[in-house]
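The values are calculated or read from the model by the stated rules, or taken from the named source; none is laboratory data. These numbers were taken from a predicted model, which means no experiment stands behind them. Cβ placement follows ideal geometry from the backbone for every residue including glycine, while neighbour counts extend to all protein chains displayed.
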Amino acid sequence: MSVSNMLENWKNFRHMHPVDDAPHAEYKWAMSIDLDACTGCNACTVACYAENNLPVVGKDKFNAGQQMHWMRIERYWDEDKRDFPDQGAQFLPMMCQHCEAAPCETVCPAGATNHTADGLNSQVYNRCIGSRYCSANCPFKVRYFNWYDYPTTDNVWPAEMTEQLNPDVTVRGKGVMEKCTFCVQRLERAKNNARTEGRLVKDGEVQTACQQACPTNAISFGNLVEPESKVAKQWAHQQVELAREGQAKDEQEGGSKLRGYRIFEELRAYPSVMYLERVRESAI
Amino acid sequence: MEKDIREDIAWAKINGDVLKSLETPRPLYWVILLVALAMFGVGLGCEIYQYNIGMGVANLNNPHVWGLYIATFIFWIGMSHSGTLLSAILHLMHADWRKPIYRFAEAMTTFSLMTAGLFVMVHLGRLWQFYYAVPYPNERWTWPNFQSPLLWDAMAIFTYLSSSVIFLYVGMIPDLAIARDNIHSGWRKKLYTLLALGWEGTDRQWRNFRVTYLTVACFLIPLAVSVHSIVASDFAMSQQPGWHVTSFPPYFVAGALYSGCAAIITLFIILRYVFKFEEYMTMPILRKVVRLTFAIAMVWTYLNLIEYASVWYSHDEAAKAVLIQKATGPYAPFWWMMNFCGSVVPLLMMVKRFQTNIPMMFAVSLLLNLGMWLERWMIVSPTFSHGYYPWTWDHFQWPSLVQWGMVFGSFGWFTLLFMVFCKVFPSVSMYEVKEMVYHRSLALKNNELAEKGAH
Amino acid sequence: MIENGINRRDFLKVMGWGGAAVALAGCGNTSVQDGKEIVTSYASLDLPEYAIPGISVYFNSTCAQCDAGCNIAGRVREGRVLKLEGNPASPINRGKTCGLGQAGVQAHYNPDRVRQPLLRTGGKTEELAWDKAFALINEKVGGAKGNEVAFLTGGLSGHAKVLFTNYMDALGSKSHYVYEAVAPSVVRAANKKAYGVEMPRLHIDKARVVVSFGADFLGAWVSPVHFSQQYAQFRKGSNGQRGVLVQIESKMTLTGANADRWLAVRPGTEGIVALGVIHALGEAGMSLPADVAALSKAYDAERVSKDTGVSAEQIKKLATLLKERTPSLVIAGSAAEGYAHGSQNAAAIALLNRVLGNIGKTIDAPATVPFPQVAVETGKRSALEALSGSMAGGAVKVLFTYAANPVYSAPAALKFKENLGKVPFKVAFAHFMDETAQEADLVLPLDSAMEEWGTVVPEYMPETAQLNIRQPLMERLHTETRGVGDIMLALLKQSRPNDYKDFDDFYAYLRNAILKNKAALGGAGTDDDTFWMETLSKGIAPMGTAMGKLAATPAASGLSLPAPAEADSAYPLRLIPYVTPNLRDGRHANQPWLQESPDPLTTIVWDTWVEMHPSTAAKLGVVEGDIVEVSSRSGTVQAQAYIFPGIHPDAISMPLGNGHTSMGRWANGVGVNTFALLDQVVDKDTGELALNETQVKVSKTGKRVIVVKDEGFAGGSQAGKKIAVRTSTDKVELTGEV
């Protein structure tokens, strides 16, 4: 430990944003979610419970707002006071947006949440002291805190249920923050496999749990650095750029006919999840 | 002009009166101490429960990740500013009237910081790992995140606390020597002997003492301002509606001085009564403190209105929604009460005859502090209940009894520390009161001489 | 996937102790510090070469969570099954799963499973050895004659069904009652009449317009994962031509929530809407067959609008759309299942398909299963009524129940539980001590779907006929459970020892049965072992591609729709029981992921609720969270009210699936049982229970609770922010999208 070392580390610290002098080199994981395909069926959220060892908190704690769903499906209604919602509901899967300039990262006193070189917003459970500042500063409120010690709570993982736990994913104890990781355990495995073979991860080689379950393929996930990946193509086609708050296409007169957008882009957090607007038929 | 203090008090009487407060306590003292202990016990019990079960028992949730702990933390930090104001700022400004009351105000600073520190701890989900937020040497070279206002907080508070303790102690050395010389037996004798650092009152000692005291005072003032500015940064540096306000640092500092002054009035009245310090804590001094408080109240009101106005006229719809929510939502009663207590109640202090009306000022000072506590709560919680993301709006999350218990307990803890302090250390600065009396008599003499000369 | 050359038995043996060791070592629930964790070095384990510590292997199998028969791949690591994914090679689910499917592991690891054969006599429960249990069954069936031994099962297919059939033959019983509480039985009957098959293949992906009369094909209807796949295709369309979904129903289902236009129809008048659309099509210039024209003549838009509550303008718009965009597809769901005239509704809806020329284009004949003995036998709600009748008459001496929980799901009017008490000896094959197992005299603990061998032939097969393989994904968790195939085989060995003496267990039987027919299963020319391993590896065996044409055409003759029913003054509201995507008929209520997974439309968790339209609620003075009493002629329950815009004001809706009294820690006492409210009103043509025909009254109790749901204070409002954005087809260019 030395001051020079600290300064060196500090120089590199948080320099993983999509800034011009240090762009993402090999990987930038990103997602796009087609809201027109999403039916709100909840398969993704249950898959997330299965993959990521999420505790089932039960009715009382759910009522207290202490549920732990890393991914939640929000259901919105039209607000024009028609008798019936005759254009259906609107569903939105919401999870950590893995912002490139994440508001949560800068405020953590212990440096427990960081940006990785792959553009993930990582959460280091062991380093977390539970100040919850990250959640306080998250515009999407997608960070979930372990209000209780779920592993030792009755009927969370009783008896044989522990055998279902994914050994690749830590079971979190009380007092730490957690959130969607983009299934980092899958990403790491894919990267390791690719590295062994001396190549990069191919598009489609790794899927997040939600994406893999989604019955309508509404979720795409991949490497934004790789221009041929589906996600990169989608972002490019929709003319959504990562490091912008407000896209060029939206500044055109009359708007664009593209439907890609990011939530709260104006907050300059540069989310890594692009949503595609839900479409309704105008002829009926 | 009224006299801040009588000029004909004998120095021995000063010593006697003040040292008497260190003697065998009256039953009332024990009652207060026991009540404080019981209150602290409640808070401690709540913390033990929360530590074992998890933060969930506080009835915090997503989005209400912060609650009364943070609000009360700011409250106590704010409280601490009064001591610095009275002892350091007014010292530099040569406001003599501060002398009989600054000692307890300074003790208040130290103890409220210690109380505030507890709230940082009980707020943490993993209290046992709190040191991760502190830059300590470790072989893994892991550092805390220097970008985080919470880290600045930790460092600022720690620095402020240690400086305050030093300031309090340094200022007490001559008095400790008096206590040492007047008390002849028991553990007190040993304690005072040790702490007086061989003070003999030589010229050289006094000179060094003055310089040291002045230096620490100068050091402390920017620290005090920065500490609450940094607490304000916890909010202002975030991106949340209702927090992301540039005027927060001065607003917080004003609020801090405000609540601190109000607390001084409260304690002034209590000490005056409990220790029979009528000679020293005189009505004219009370009047001055009240006027000062009133002035700060108006500054605070002004800054408060600035905050409302800047939110209202900004195009930040989310922040505006939070403000409207504060005024009309489930927090409305508290929000209005805060405005009433913080801006309307102090108007009573304008009335000259109320300024020395002890029961009224006692009540007013309590209301002001209630208002200031509510202010902190109204900064923290409404933003969570009505943040950026409508899906997670939660207007009905009410702090559990565990949270209230710890808030309650913190007052016990503070009182406990304060009461113990008053019995162990002179809560009125004897040497400075003597200076004051001396200055006063000197001035009188000068006047008389001048009058004579005129004849 | 593991390919050839693995000795499956060795593998399972390995998994046995592997599982035990890992159970101690893993999980992270304990820490080294507190001394509770035992760390086992992998180096000390003698693992076979294919099992690498830390590396997961996927085994293909078949999901057992519903009857869609999705092909799944179980992730197995160190002898434990961890997660289920879809099998990408599956024509049904194409690598995808639903939430229900994901929760399959929770059925397997559920701590409330029955672990031992139980004999229950006079309130006493004792554990029994399997041989004693079999002997007891033999004694009891020996004392009964032919049809006095009855079987109540859920939908059955595959080789387990063969053994059931054979066992019944051996006993000389024909009393097989196949029962499914919420299956589309009326639709099947109506389809049979209209198209000649019970379940034609639907090509949602090929349709440009889909009109669904209450079929929740994205949520809980027939094969939701498959239809969701089709739906995604349909939405993408071709050349930027996005498919249009119109849903016509009285209570918004998940599918309705995804419709371009959701039309709230007066309950029971869906058939009238269908005829109204036909009429409007005629008016728009489409030539109608004479019989259809005659029938639809009276259904002009104004009358239909008056009868159904759907505006004339919408009917005309819909007709225009259907005329312009072909092919389309019209599907009947709750319109058929719900009403006493459900068959007639379904017939009118089928007619619409004929008029639009969809038959043969978007509705097609299914593949025929070359081995009818393994083909699915689908369940009917009417089976329960029949069984209940025979039990009441004392005609049943021994009753076997499997994969059905009638004590929970029978309408109160049937007095099923009471009648069941008249059966002297009841055997329940059970995973859990559910309500039906509670009433049984002998409870036989079943293997979970992750432990047993089996085959499944789904009812809905999108491509060729397929035999789905179910294989163990890990060693038994509890030593004394048995696969249903093994139990049936053991019983058959008692009755016909000579026929089955060659088979040590069901695995041997299954292997033999499949290898015997390997030529028909695509294995001609391969040797037995290779074919067997390949089949297990794939998890699917194709059974021929014979697909005919639909034999029948929907006819207008005999179709008559009743006038819309007037409100009953004593019971003014109609109860629409909602089959939720999460809980379906209630057999999954003890899977905590599903309980905690919010209902997609209300976002309510862990409870039952009463949905009512804001106007209905206003009339009753009810606000969200009020505990209301819902009474029908058959029963009364109390539940929390939820104000829901997507329901017709004449109706209220309550979800099915909760309100269990005996199903384990996560199900007991959660919510109320909506089945208990249902009146025994049946569809006139098929005798199937009409699900929406229960009339109820709702009154406030004065109690109020906080509705536990994911939706927050803002409800379904985005507060003017750009969060979930919607656009319309005229404002967006879909061509060229990636």
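Out of all the residues in region B:143-158, which are in a helix (DSSP H, G or I), of a type in the set (Phe, Trp, Tyr) and facing chain A (nearest Cβ under 7 Å)?
Within region B:143-158, none qualify.
Among the listed residues C:THR674, C:THR661, C:THR686, identify the single one that is touching a helix residue (DSSP H, G or I) at 6+ places or on another chain (Cβ under 7 Å), within 22 Å of C:LYS417 (Cβ to Cβ) and either at pLDDT 95 or above or of a type outside the set (Phe, Trp, Tyr) (or both). Step through it out loud before you land on a result.
Values: C:THR674 fails: touching a helix residue (DSSP H, G or I) at 6+ places or on another chain (Cβ under 7 Å); C:THR686 fails: within 22 Å of C:LYS417 (Cβ to Cβ).
So the residue among C:THR674, C:THR661, C:THR686 that is touching a helix residue (DSSP H, G or I) at 6+ places or on another chain (Cβ under 7 Å), within 22 Å of C:LYS417 (Cβ to Cβ) and either at pLDDT 95 or above or of a type outside the set (Phe, Trp, Tyr) (or both) is C:THR661.
Within region A:40-65, how many residues are within 14 Å of chain B (Cβ to nearest Cβ) and in contact with a Leu (Cβ under 8 Å, 6 or more places away or on another chain)?
1
In region B:375-427, which residues are away from chain C (no Cβ under 14 Å), surrounded by 22 or more Cβ atoms within 10 Å (Cβ to Cβ) and within 26 Å of C:VAL705 (Cβ to Cβ)?
Across region B:375-427, the qualifying residues are B:VAL402, B:GLN403.
Going residue by residue through region B:306-326, is there one that turns out to be buried (at least 21 other Cβ atoms within 10 Å of the Cβ) and charged (D, E, K, R)?
yes
Mind listing whichever residues of region C:549-575 are in contact with a Leu (Cβ under 8 Å, 6 or more places away or on another chain) and not in a loop (DSSP other than H, G, I, E, B)?
Correct list: C:LEU575 only.
Within region B:147-159, can one find any residue that is surrounded by fewer than 16 Cβ atoms within 10 Å (Cβ to Cβ) and within 19 Å of B:GLU106 (Cα to Cα)?
yes
Is there a residue in region C:242-262 that is over 28 Å from C:LEU594 (Cβ atoms) and either of a type in the set (Phe, Trp, Tyr) or surrounded by fewer than 24 Cβ atoms within 10 Å (Cβ to Cβ) (or both)?
There is at least one residue in region C:242-262 that is over 28 Å from C:LEU594 (Cβ atoms) and either of a type in the set (Phe, Trp, Tyr) or surrounded by fewer than 24 Cβ atoms within 10 Å (Cβ to Cβ) (or both).
Only one of (1) touching a Lys or Arg at 6+ places or on another chain (Cβ under 9 Å); (2) closer than 20 Å to A:MET68 by Cβ is not met by A:GLN207, so which one is it?
(2)
Can you work out which of the residues in region A:130-169 that are facing chain B (nearest Cβ under 9 Å), in contact (Cβ under 8 Å) with a residue 60 or more places away in the chain and out of contact with any Gly (no Cβ under 9 Å at 6 or more places or on another chain) is surrounded by the fewest Cβ atoms within 10 Å (Cβ to Cβ)?
The residue in question is A:VAL142.
Consider region C:57-104. How many of its residues are under 24 Å from A:ARG189 (Cβ atoms), in contact with an Asp or Glu (Cβ under 9 Å, 6 or more places away or on another chain) and either assigned by TED's automatic domain parsing to the domain that holds C:ASN405 or of a type in the set (Val, Ile, Thr) (or both)?
Residues meeting the conditions: 3.
What residue, of C:THR326, C:THR320, is among the hydroxyl-bearing types (Ser, Thr, Tyr), modelled with pLDDT under 90 and out of contact with any Ser or Thr (no Cβ under 8 Å at 6 or more places or on another chain)?
C:THR326
C:ASP112 versus (1) touching a Gly at 6+ places or on another chain (Cβ under 7 Å); (2) surrounded by 21 or more Cβ atoms within 10 Å (Cβ to Cβ): which is the lone unmet condition?
All conditions pass for C:ASP112, except number (2).
If you take just the helices (runs of 4 or more DSSP H) that sit entirely in region A:171-284, which of them hold at least 1 residues that are surrounded by 21 or more Cβ atoms within 10 Å (Cβ to Cβ) and in contact (Cβ under 8 Å) with a residue 60 or more places away in the chain?
So the answer is A:184-196, A:209-213, A:230-237.
Each row is one residue, and each column tells you yes or no for (1) in a helix (DSSP H, G or I); (2) in contact with a helix residue (DSSP H, G or I) (Cβ under 8 Å, 6 or more places away or on another chain).
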| position | (1), (2) |
| --- | --- |
| B:LYS326 | yes, yes |
| B:PRO333 | yes, no |
| B:ASN369 | yes, yes |
| B:MET372 | yes, yes |
| B:ILE379 | yes, yes |
| B:THR383 | yes, yes |
| B:TRP398 | no, no |
| B:CYS422 | yes, yes |
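Given the criteria in a strand (DSSP E or B), modelled with pLDDT of 95 or more and surrounded by fewer than 24 Cβ atoms within 10 Å (Cβ to Cβ), does C:GLU629 qualify?
Spelling it out, C:GLU629 is indeed in a strand (DSSP E or B), modelled with pLDDT of 95 or more and surrounded by fewer than 24 Cβ atoms within 10 Å (Cβ to Cβ).
How many residues are part of a helix (DSSP H, G or I) and in contact (Cβ under 8 Å) with a residue 40 or more places away in the chain if we restrict to region C:150-199? Break it down stepwise before answering.
Step one: filter region C:150-199 for residues part of a helix (DSSP H, G or I), giving C:158-171, C:185-195.
From what is left, the residues that are in contact (Cβ under 8 Å) with a residue 40 or more places away in the chain are C:158-167, C:170-171, C:185-191, C:193-195.
Going through region C:150-199 one residue at a time, the tally reaches 22.
Against the conditions (1) within 28 Å of C:ARG77 (Cα to Cα); (2) buried (at least 18 other Cβ atoms within 10 Å of the Cβ); (3) outside the structural domain of C:ALA403 (by TED's automatic domain parsing), where does C:ALA508 fall short? Just the number, please.
(2)
Kindly provide the set of residues from region C:487-505 that are under 22 Å from C:PHE432 (Cβ atoms) and surrounded by fewer than 16 Cβ atoms within 10 Å (Cβ to Cβ), ordered by number.
Result: no residue meets the conditions.
Going through B:ALA71, B:ALA58 one at a time, which residue ends up being out of contact with any Asp or Glu (no Cβ under 8 Å at 6 or more places or on another chain), in contact (Cβ under 8 Å) with a residue 60 or more places away in the chain and either of a type in the set (Val, Ile, Thr) or more than 10 Å from every other protein chain (Cβ to nearest Cβ) (or both)? Break it down stepwise before answering.
Details: B:ALA58 fails: either of a type in the set (Val, Ile, Thr) or more than 10 Å from every other protein chain (Cβ to nearest Cβ) (or both).
Of B:ALA71, B:ALA58, the one residue that is out of contact with any Asp or Glu (no Cβ under 8 Å at 6 or more places or on another chain), in contact (Cβ under 8 Å) with a residue 60 or more places away in the chain and either of a type in the set (Val, Ile, Thr) or more than 10 Å from every other protein chain (Cβ to nearest Cβ) (or both) is B:ALA71.
Inside region A:66-83, can you point out the residues that are within 12 Å of chain C (Cβ to nearest Cβ) and under 28 Å from C:LEU594 (Cα atoms)? Give the steps one after another, and end with the answer.
From region A:66-83, those within 12 Å of chain C (Cβ to nearest Cβ) are A:66-69, A:71-83; that's our starting set.
Within region A:66-83, A:GLN66, A:GLN67, A:MET68, A:HIS69, A:MET71, A:ARG72, A:ILE73, A:GLU74, A:ARG75, A:TYR76, A:TRP77, A:ASP78 qualify.
Condition test on B:THR282, is it under 30 Å from B:ALA12 (Cα atoms), surrounded by 15 or more Cβ atoms within 10 Å (Cβ to Cβ) and hydroxyl-bearing (Ser, Thr, Tyr)?
Details: under 30 Å from B:ALA12 (Cα atoms): yes; surrounded by 15 or more Cβ atoms within 10 Å (Cβ to Cβ): yes; hydroxyl-bearing (Ser, Thr, Tyr): yes.
It is true that B:THR282 is under 30 Å from B:ALA12 (Cα atoms), surrounded by 15 or more Cβ atoms within 10 Å (Cβ to Cβ) and hydroxyl-bearing (Ser, Thr, Tyr).
Pairs please, first residue from region B:296-312 and closer than 15 Å to B:VAL245 by Cβ and touching a residue at least 60 places away in the same chain (Cβ under 8 Å), second anywhere and among the aliphatic types (A, V, I, L, M) and assigned to a helix (DSSP H, G or I), Cβ atoms under 6 Å, 6+ apart in sequence or on different chains.
Matching pairs, first to second residue: B:VAL311/B:ALA319; B:VAL311/B:LEU323.
Taking helices (runs of 4 or more DSSP H) that fall entirely within region C:238-318, which contain at least 2 residues that are of a type in the set (Val, Ile, Thr), out of contact with any strand residue (DSSP E or B) (no Cβ under 9 Å at 6 or more places or on another chain) and over 30 Å from C:THR735 (Cα atoms)?
Once the helices (runs of 4 or more DSSP H) in region C:238-318 are filtered for at least 2 residues that are of a type in the set (Val, Ile, Thr), out of contact with any strand residue (DSSP E or B) (no Cβ under 9 Å at 6 or more places or on another chain) and over 30 Å from C:THR735 (Cα atoms), what remains is C:270-283.
Name the single residue, out of those in region C:128-181 being surrounded by fewer than 23 Cβ atoms within 10 Å (Cβ to Cβ) and of a type in the set (S, T, N, Q), that is nearest to C:VAL222 (Cα to Cα).
Ranking the candidates gives C:THR165 first.
Quick check: anything in region C:464-486 surrounded by fewer than 17 Cβ atoms within 10 Å (Cβ to Cβ) and not in a loop (DSSP other than H, G, I, E, B)?
No, because not a single residue in region C:464-486 is surrounded by fewer than 17 Cβ atoms within 10 Å (Cβ to Cβ) and not in a loop (DSSP other than H, G, I, E, B).
Hey, among the residues in region C:73-105 that are facing chain A (nearest Cβ under 7 Å) and part of a helix (DSSP H, G or I), which one's nearest to the chain's Cα centre (by Cα)? Step through it out loud before you land on a result.
In the first step, residues of region C:73-105 are kept if they are facing chain A (nearest Cβ under 7 Å); the result is C:77, C:80, C:82-83, C:85, C:96-99, C:102-103, C:105.
Subset that is part of a helix (DSSP H, G or I): C:99, C:102, C:105.
On the way: C:GLY99: 13, C:GLN102: 15, C:VAL105: 17 Å.
Among residues in region C:73-105 that are facing chain A (nearest Cβ under 7 Å) and part of a helix (DSSP H, G or I), the one nearest to the chain's Cα centre (by Cα) is C:GLY99.
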